[in-house]
Amino acid sequence: MLTPVPNPRSTPQSTAHTVAGRSSPANWLIPTGLVLLSLVPVVAGSLRLAELVGGPPIVPDGDRVTAAPVALVTHIVSVTVFSLVGAFQFAPGLRRRHPAWHRAAGRVLVVGGLLTAGTGLWLTLFLPPAAAVDSELLVAIRVVVSVAMAACVGVGFLAVRRRDFAAHRAWMIRGYAIGMGAGTQFFTQLAWLAVVGPVTASGRTGTMAAGWLINVVVAEWVIRRRAAGGRRRHDAVRVS
C-alpha cells in the first residue's frame with residue numbers, strides 16, 4: 001500500500017491559516033462596515049435624484065445643487081458605484097478566490113473614482129456659491145480634496161499597470177478613503193450638533209474637513225499596518 005507523500009507546501013499550519021483566512025471576520029466585517037458608511041452618500045444622492053424627477057425638496061440647498069442636473073446625476077451615480085463596489089475590494093477572501101472579479105471591479109472603480117472627483121470639482125467650481133453654508137475655505141478644501149482623490153486613483157491605476165501591487169493597493173486605499181468622506185462627515189456633524197449646537201459656516205467647514213482628515217489618517221494606518229505585516233512574513237520566510 002502506497003503512503004501518500006505530503007505536499008511540502010501544505011502544512012497543518014498553512015492549512016489552518018487558509019481556513020482561518022476564509023472564515024476571518026475581515027471577509028465580511030470590513031465590507032459590511034464600509035457598505036453601512038456608504039449608505040450616507042447613497043441615501044443623500046437618492047433624495048437628490050428624487051428632487052430632480054419632481055419629488056418634494058428634502059435635502060437643504062436643493063435649488064442651487066439641482067441647477068446642474070447632468071453633473072449632479074453623474075456625481076451621484078459614480079459615488080454610489082465607487083463606494084459600494086469599493087467596499088468589497090476590502091474582503092481578502094473574495095480577492096483571493098475571485099481574482100477576475102477583483103480586476104473587473106478595479107476597472108469600474110478607477111472610472112467611478114475619476115468621475116466622482118471630476119464632477120465633484122466641477123460642482124464646487126461652477127455652482128452658484130452658498131454664502132450662508134459654504135465658506136471660501138471649504139470651497140478651497142473641496143478643490144484640494146477632489147484633485148487629491150483623482151491623483152490617488154490615477155497613480156493607483158498606473159501602479160497596477162506596471163505590476164507594483166503594493167503601491168496600487170496603497171494609492172487605491174487613499175482614494176477610497178477620500179471618496180468616503182461624506183459618510184464620516186455625517187458623524188462629525190452629528191458630534192458638532194450634540195456638543196455645540198446648530199452647524200454654522202465655520203462649523204460646517206471644520207466638520208467636513210475633519211471627516212476627510214479622519215479617513216486619510218485611518219487609510220495611512222491601514223497601509224502601514226499591512227506593509228509591516230508583509231515585512232514580518234517576508235522575514236519569517238527568510239529565517240525558515
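The values are calculated or read from the model by the stated rules, or taken from the named source; none is laboratory data. What you are looking at is a predicted structure, and each value in this text was computed from that prediction instead of being measured. Heads up, the Cβs are rebuilt from the backbone with ideal geometry, glycines too, and the neighbour counts pull from every protein chain shown.
Scanning the stretch 140-171 for residues that are among the aliphatic types (A, V, I, L, M) and either touching a Leu at 6+ places or on another chain (Cβ under 8 Å) or touching a residue at least 60 places away in the same chain (Cβ under 8 Å) (or both) yields 141, 143, 145, 147, 150, 153, 166. Restricting 217, 155, 144, 196 to residues that are in contact with a Phe, Trp or Tyr (Cβ under 6 Å, 6 or more places away or on another chain) and surrounded by fewer than 20 Cβ atoms within 10 Å (Cβ to Cβ) narrows the list to 155.
Hey, any hits in the stretch 97-119 for a residue that's hydroxyl-bearing (Ser, Thr, Tyr) and modelled with pLDDT under 95? Scanning the stretch 97-119 turns up no residue that is hydroxyl-bearing (Ser, Thr, Tyr) and modelled with pLDDT under 95.
Restricting attention to the stretch 195-210, the residues that are in contact with a Leu (Cβ under 7 Å, 6 or more places away or on another chain) and within 20 Å of residue 177 (Cα to Cα) total 3. Being in a helix (DSSP H, G or I), in contact with a helix residue (DSSP H, G or I) (Cβ under 9 Å, 6 or more places away or on another chain) and at pLDDT below 95: is that true of residue 228 here? Considered against the rule, which asks whether it is in a helix (DSSP H, G or I), in contact with a helix residue (DSSP H, G or I) (Cβ under 9 Å, 6 or more places away or on another chain) and at pLDDT below 95, residue 228 comes out as no. Scanning the stretch 52-86 for residues that are under 11 Å from residue 127 (Cβ atoms) and among the β-branched types (Val, Ile, Thr), we see that the one that is nearest to the chain's Cα centre (by Cα) is 65. Of all residues in the stretch 158-193 being of a type in the set (Phe, Trp, Tyr) and more than 23 Å from residue 80 (Cβ to Cβ), which is surrounded by the most Cβ atoms within 10 Å (Cβ to Cβ)? Checking each candidate, the answer is 192.
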